[in-house]
Amino acid sequence: MIFREALPQEINFIFSEGYKEWSKNRKFEQYCTDNAKEDVYGTRYVLDVNNEIVSSLIILKLKDIVGKKAYGIGSVLTPKIHAGKGYAVQVREDMFHLGRFKRLKVATIYGKFPFHVQEKELKQKTHVVVGTPGRLIDHIERGTLDTSEIQY
């Protein structure tokens, strides 16, 4: 399993998989145009298992928050065929290794793990939150994940 920067020839695949989940009544071309705008702010990465993309995300360089450099994750995608296989945990570990020299605190949020434990982790200082869409939405709706200061 390799966490690496997405290759230019993989972007169309990433967008086509994302389009299946988040088309929002747009044509594919419009979806690609909208999502390509993020590329100005970050770098796309993939989780590669035996030369197959099992998950992808973009790490965004955000505006400084209270004088500190800030990063975010956008457009996390795991194709349905690979959903529920624990790739959020793998992405968390890879993020931890990328930021270990900068003392990055990474929280992993996913189903099948006690909500109250995740809630406690989110109350601590956290630089990066990695998670599955469903559980992230649960935390946002319950007010345990504050997204008000996320900006790019």
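The values are calculated or read from the model by the stated rules, or taken from the named source; none is laboratory data. Worth saying up front: this structure is predicted, and the values here are computed from it rather than measured. Don't worry about glycine lacking a Cβ; one is built from the backbone with ideal geometry, like all the others, and counts go over all protein chains shown. The area values use the complete protein model at the heavy-atom level, side chains included, leaving out ligands, DNA and RNA. Shrake-Rupley method; radii C 1.70, N 1.55, O 1.52, S 1.80 Å.
Couple of notes before you dig in:
- With DNA, RNA and ligands ignored, accessible area of VAL49 (1.4 Å probe; Å², nearest 10): 40
- Theoretical FRET efficiency, 1/(1+(r/R0)^6), r = Cβ-Cβ of HIS116 and VAL49, R0 35 Å, to 0.05: 0.65
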